Structures are given as C-alpha cells and as structure tokens.
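Contents: one structure, followed by commentary.
The values are calculated or read from the model by the stated rules, or taken from the named source; none is laboratory data. Please read these numbers as outputs of a predicted model, since none were measured by experiment. So basically every Cβ, Gly included, is an ideal-geometry build from the backbone, and we count neighbours across all protein chains shown.
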C-alpha cells in the first residue's frame, strides 16, 4: 500500500461557521431535555413507571404508534409513488393538501376528524349506520387521529426519495419484461428503502407524541385511548406534575431507544 | 425476420424523421453528433417513447402503428437494451441482475439462476456472479448488462453508446469483445454512437443522423471514401467541398476552381485527405496542381503531425510536419497558399 | 350512613350497573376520579369511565355524536353551545362553582398584595386567555374591579398559568382556587375580595341518546349530593 492510501484523509477540521450554529442547535434540543431530567422525581420513578396505569398507557402508545406507522407506510408509499411518478392532473394541489396536517393545530385537526368521522359526520354517519362502526372514543380512533398527523411525514420523505432515484432503472426493467407491479416491488421500492425507513421513523415518532387530535377525536379514556401524552396531561390536571414528568421521560427514553437502534440503517442507507 | 421502422417525433425545436431497416443478424450503427436524435430513435424502438407518427414492425409483429393506434408497451416487445451507464440494479448481485428478466417473465428462481449462470459463463463472467454492480469495472459491467439483455432472447437488441463509459485504455478490448458477441447474436441490432471508430468496427451498415434526418447510410467503407456531409467528412478525416463540375474542373466554395483528374458533370462532392495538402508562402507553380490562397486559423498537434486549419475561398485542413511549421513560421494569421494534386482529389456525385 | 349508601338505599328496586361515560372539564380531574372510585365501590356492577379534556373539545365530541352519557363543563358558556347543538337531554344542573384567586410564587418575590398590583409594569404577570373559561372569568373580575392589567403572557390553559407561577417564571397570575390548592406550597394565595362576585358555574348535563341514562342519572345525583359535594369542597370548589 502506498503511503498516500495508508494515510488518513486530510485533516478535517470543522469550520467555525458550521460548528457554532450546530452547537447552538444542539443546545436548543438538549437543554430542555436536561431540564426535564433535572426535575424528574428519580426516587419515585420506579413506582411511577411500574404502576398499572402507566404501563397501560405505554402499551397503548406503542401499539397505536406502530399500527399507525404500518398503515401510513401501506397507504403512504403508493400515494408518494402516484405523486412522483404519474402525470395525474392536480398533483401539485394534492401535494399541498397532504402537507396541511403539518401546519394545522392538532386540536383543529381533531375537530376536522370529528366532522368527517364522528357518528354524525360526513363519512362517520354512513359507517355507523351500515356497520355500526363508531370511531370516536375507540383505540381505532386513536390510530386514525395519529395517522392524520403523521402520514404527511411519510409521504414527503418517500416522494423526495422517489424523485431522486433514476427512472431509467424502471425503463430498463420494462424492457426486460417486468410488469408495473414487479418493477415497483423489485426495482423501485428497494431503491427508496432508506427513504421509506426514514419516513416511517418520523411517522412513528410523531404518532407517539400526538396529543391534540387524539384527545379531541378519541377522548382520554384510560386503557382504550389514553396514550402517554394524554396520561401526562391527566397527571398535570390532577396536580401530579411529577408523574407527568416521569411519563415524559418514558416517552423520551422509548424514542431514543428506537431511533438509536434504527440509526445505523437510517443513516447508512443500506 | 427483420426490423422495419418509420419514426417521426416532433418537439418544439426539433423534428425527427427516420426510416430504418435492419435484417436479422445485421448490426446497424446509428452515428451522429449529440442532439441528432439517436437516443430518441432507440427510445421509440424500445417502447419508452411514443412517436407522433410511424410504424414499427419487428419479425412480422407490429410494435407501433400510429394510424391504427397500436403501441405495444416495452414489456410486450422482444427488445433488449443496454444503456450507456449500464444501469445494473444496484441492490442485486450480477447473477440476480442477469436473471431478472427471466424471473419477471415467470421463470422460477432456481431455473432462472441456472440459465443466467450459463450466460455469464458464455461471457466469461462467471466469476463475477456474486458481485454487486458497484464492485464491477466498466468492462465487466458492460458484459453483465449485455448478458442481462440477451438472456431473455430478444429479437431486437439496442445499444446506447455501449463503450462511452469506458476509459480509452479498455475500450479497444471491450469493443472487440462486443463485436464478437454481436456477430453471434442472430437478431437485429442497432448500436447508437457518436464515435466513428466504434461505428466502423461494430456496424455492418452505418446510418448517419444529423438534426433528426438521415444524411447518409451505407457500408463503413463507402462512408469513409465518399462522405456526404461535413460532419461525416470530419469523422473520417477528409476535407469535403461541394461544387459544380464542368469537364475536368469543378467550381467550389467562393468561386474557386478545383482541377479534377477525370471528367465529371453536375453537382459533385470533392474530397481529399489533409495529408494531401502542401502549404507554402508563395503561390506554387507546377504541374496539375490546385492552389488556393488562405489564412491560417488554427495550429494543432495531431499525432506526429500538425493540423493546420486554413480559412479562405477554399477552407480546409492540412497536415504538415513540425519542421514545415517551423520553416514557414506558421501561426494564426499567417498568409499561406494551399496546394493539392488533382490526382489526390476524389470526386463523386452529390 | 354516608351519601353513597343512602343513595343506594333509595335505589334498591333498580339495579344500577353498566358503564357510564363521563366527559368532564380537565379541572375536575382529581375530584371526579375520586367520586368515580367511591361510586364503583358502592355499586360493584357500575363502571364510571372518564375522559377529561378542554371543555370546548368535549362539546365538539358530543355534537359529533360521540357515545357519552354525561357532560360536565367548566363554564355555562360552553354548556350553552352544547344545548344549542341539541345534544343535551333536559336542563343542565350547576353542581359547583369556582372562584378566582391571585397566586404568587412562594416567598412573593414581586411583593404583590392585590389585584391593583397587576397594573405594575415591572411585574411579570400571567393571565388565562379570554377564550378559555378561566380567562373569561378573569376579564369579568378585572372589569368589576376597574383594573387595567398588563399581562406579559396569556396562557391557553389554566394549568399553564399555574405552572408558570410555581416555577417562578411570573410574579403573579390569576387562576382558580382549585388550581392553587393543587399546587400546595409552591404558591401563595392572595385573597381577592371581588372574586366572590365573579364565579364560574360548572354545569353537568345528560347527553341526549346516551347509552346508559339510568346509571347516568345516578352519577348526577351523586355529584350534586353529599358525596360529590364533599369531594369537590375539599378540592377548593364552592357549592352551587
């Protein structure tokens, strides 16, 4: 091996212009977490976390967030494909509409969901009369509320990934005889897998932290709709700020655990 | 068994209109400068582009007929394609790449892999079967891409600048290899290239495309001897003039005269190689020579010789020795006289 | 004999069981949960299920047809919206009242003694925003007292305002007596004489078409009866 290849890459000193803003950003993100940790009732934490109610909320949160993510991936990836790959009219408007939940205050989102899916709602009425299905106050309703706010993350991430992949791979697959579905499954999807994963992670995290739309649409019923954020809200209203902080730490810990586990795949993009 | 195609594509600033025929076992090289429309022709043949007008028939199967609204999608044409940067699927191994077409058409995985392996063997690439595309060199990737296209037994093979992605060192070897494989292929082949040497080596017939129209077609030798456009002339390294012949003289360019070795009449092409041109500072006197005044526009190294671009009533390229350049003190702006023997001038009807 | 069992006595002919779904304002969290526990003890077949949230959101849910039995809001204005929406059965009944109070961080760093101090420029003051029940009441209170307050921040939630005081972020805030009670030693209360004139009535009503009206009526009776009133009084609420 020649000396050139054996040497380490040229001394990569971080330019001050990049370092300073990064540190500021990092501080902005981390200091509030540190504050939370400082006020946490560390001695009481095991009791808080071991309590039945908290475990129930935790299970509910994990279950609903996961179901939401699966739903968003199943529906969001085809939607992203439609936006990125077809020439349907009105795509630009559609794209804009899909990002509305990102800017809508979640409570308004919840009200909108009620108008659409409540028992007297646009679609909800039909659902109730035909199938006896009522979404508000149910765990399914929680999934609907979470999906509403989290799906845009997935669609945007995947559409972005699709736009950067070379469409000519799909052309080549076509000349080799692959149908549209086969091409999507074996050529397109693997090439955007990192984008899908990144989108899914964002989707999951957003669903986990969702409060406004959930409490407005699904209510805060322990065991069925009281996810961790709603349980924290309840604790505060009960005057038990310590439990609320403890619950918040649980959410932070769970999120960090999942994100760290997936980080390698997310960043390396394999 | 053959390909017969008429393709018309209209864009804002561009119009492509070609009629192409390729017999089974034949390789047609589609040659032309960038922007001539070569890739558009391939895309239309592959089914990736809908021509505005046209009819494409491959082995008695109508692929495209705009009048009757027929347009088979790429999957239903028996067309194989190898593109400039090969586009091997990055997340699959070489073997999986080659097997892709078979599996896409329903062959079970095991059988597809066996057949793909046989093809890799034939290409001398069996050792590469497990490698990922990013672990392959340009030449290796080209072989895999070719195998991938051939394994589904296409009736028409399309190659888009197949050697462009290779460095000059590997190109000759891969080119010779490719010629062997194309010779062994029994369907029709269309190779698109901007490199004349590639066209000459790979093609049984050359079709020259400029600005969306075919300006010349024929066997490689014919093109080399009798170019019909400046582009082709430049490609094959000839000076080309157009003029009217009357007896043994032709009037070319801005009213200059060229003495011919034999009689001709009517509109003609006049061609002579740069090496047939001699330059001097004064008007030469001598036998049967054509002489024209001019001014040096450019001086450039060209192999062992120096290529001089001369402007004037007869614009031309002259190859002279470095010694001559020094003796004549040739530099841009110098006034020179060019001379060519009538016997070195080729004349043919335009 | 306590209130629950006396209520039970009068209902011996009817077995009260099943689930009662109660939508209640967030400020009722602690007290209603206690009440629910006591009722479930007294009636083993009864399951009282609560969903606590912002009053306006609860009303939206009921109007959208969510399957609830009872609605208890933090002021009559939000309840009126429900009545107007045609989702209330019968008349709403006021079961408690909340009055406002002035709170300061422990130690009273701003040296605050009354509502007049709220006009002092150098003080950091938090008030509820007028759209929430607490904020509407605060506005009325300040008007009756003829006080011009310069709030530095408007809280969207009364708990937010309370938290700001207990964290020492503001020097004073106007919140409910019940909120001050839950904060305990973190805050000091400064009684405001005019507060008695501005009262937030907390109404409860049966939801039209609710799944379990029988048991729901029992719960309402418990709320307005001694059992409920005792619990509410402990939390700092005034009687109706």
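Table for the structure above
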| quantity | calculated |
| --- | --- |
| Test: residue in segment B:171-184 that is touching a strand residue (DSSP E or B) at 6+ places or on another chain (Cβ under 7 Å) and at pLDDT 85 or above | yes |
| Filter result for the condition that a residue is crowded, with 22+ Cβ neighbours inside 10 Å and within 14 Å of chain A (Cβ to nearest Cβ), over B:81, B:92 | B:81 |
| Of residues in segment B:104-118 being under 16 Å from residue B:150 (Cβ atoms) and within 13 Å of another protein chain (Cβ to nearest Cβ), the one surrounded by the most Cβ atoms within 10 Å (Cβ to Cβ) | B:116 |
| Residue list for segment A:198-216, filter: surrounded by 24 or more Cβ atoms within 10 Å (Cβ to Cβ), more than 8 Å from the chain's Cα centre (by Cα) and more than 20 Å from residue C:29 (Cβ to Cβ) | A:210, A:213 |
| Residue, farthest from the other protein chains (Cβ to nearest Cβ), within segment A:166-181, restricted to residues that are assigned to a helix (DSSP H, G or I) and within 15 Å of residue B:91 (Cβ to Cβ) | A:170 |
| Verdict on residue A:250 being more than 14 Å from chain C (Cβ to nearest Cβ), at pLDDT below 85 and either surrounded by fewer than 19 Cβ atoms within 10 Å (Cβ to Cβ) or out of contact with any strand residue (DSSP E or B) (no Cβ under 8 Å at 6 or more places or on another chain) (or both) | yes |
| All strands (runs of 3 or more DSSP E) inside segment B:162-270 with 2 or more residues being buried (at least 19 other Cβ atoms within 10 Å of the Cβ) | B:188-193, B:205-210, B:239-252 |
| Segment C:178-203: number of residues that are assigned to a helix (DSSP H, G or I), touching a strand residue (DSSP E or B) at 6+ places or on another chain (Cβ under 8 Å) and either over 18 Å from residue C:130 (Cα atoms) or without any contact (Cβ under 8 Å) to a residue 24 or more places away in the chain (or both) | 5 |
| Filtered residue count, segment C:36-60, keeping only those that are in contact with a helix residue (DSSP H, G or I) (Cβ under 8 Å, 6 or more places away or on another chain) and away from chain A (no Cβ under 13 Å) | 6 |
| Residue that is more than 23 Å from residue B:35 (Cβ to Cβ) and touching a strand residue (DSSP E or B) at 6+ places or on another chain (Cβ under 7 Å), where the choices are B:212, B:203, B:221, B:187 | B:187 |
| Meets criteria (closer than 18 Å to residue C:208 by Cβ and at pLDDT 90 or above) for residue C:22 | yes |
| One residue from A:119, A:95 being on the phi < 0 side of the Ramachandran plot, surrounded by 13 or more Cβ atoms within 10 Å (Cβ to Cβ) and away from chain C (no Cβ under 14 Å) | A:95 |
| Options C:240, C:203: the member that is within 20 Å of the chain's Cα centre (by Cα) and surrounded by 23 or more Cβ atoms within 10 Å (Cβ to Cβ) | C:203 |
| Residue that is nearest to the other protein chains (Cβ to nearest Cβ), among those in segment B:122-160 that are out of contact with any helix residue (DSSP H, G or I) (no Cβ under 9 Å at 6 or more places or on another chain) and within 22 Å of residue B:25 (Cα to Cα) | B:153 |
| Elements of type helices (runs of 4 or more DSSP H) contained in segment A:6-107, each with 1 or more residues being under 25 Å from residue A:259 (Cβ atoms) and more than 24 Å from the chain's Cα centre (by Cα) | A:16-39, A:45-50 |
| Qualifying residue in segment A:136-146 (condition: within 9 Å of another protein chain (Cβ to nearest Cβ) and at pLDDT below 90) | yes |
| Index of the failed condition, residue C:87 passing every other in (1) surrounded by 21 or more Cβ atoms within 10 Å (Cβ to Cβ); (2) outside the structural domain of residue C:31 (by TED's automatic domain parsing) | (2) |
| The one condition in (1) more than 14 Å from chain C (Cβ to nearest Cβ); (2) buried (at least 16 other Cβ atoms within 10 Å of the Cβ); (3) touching a helix residue (DSSP H, G or I) at 6+ places or on another chain (Cβ under 6 Å) that residue A:163 fails to fulfil | (2) |
| Enumeration of residues in segment B:1-21 that are within 23 Å of residue B:179 (Cα to Cα) and crowded, with 23+ Cβ neighbours inside 10 Å | B:3 |
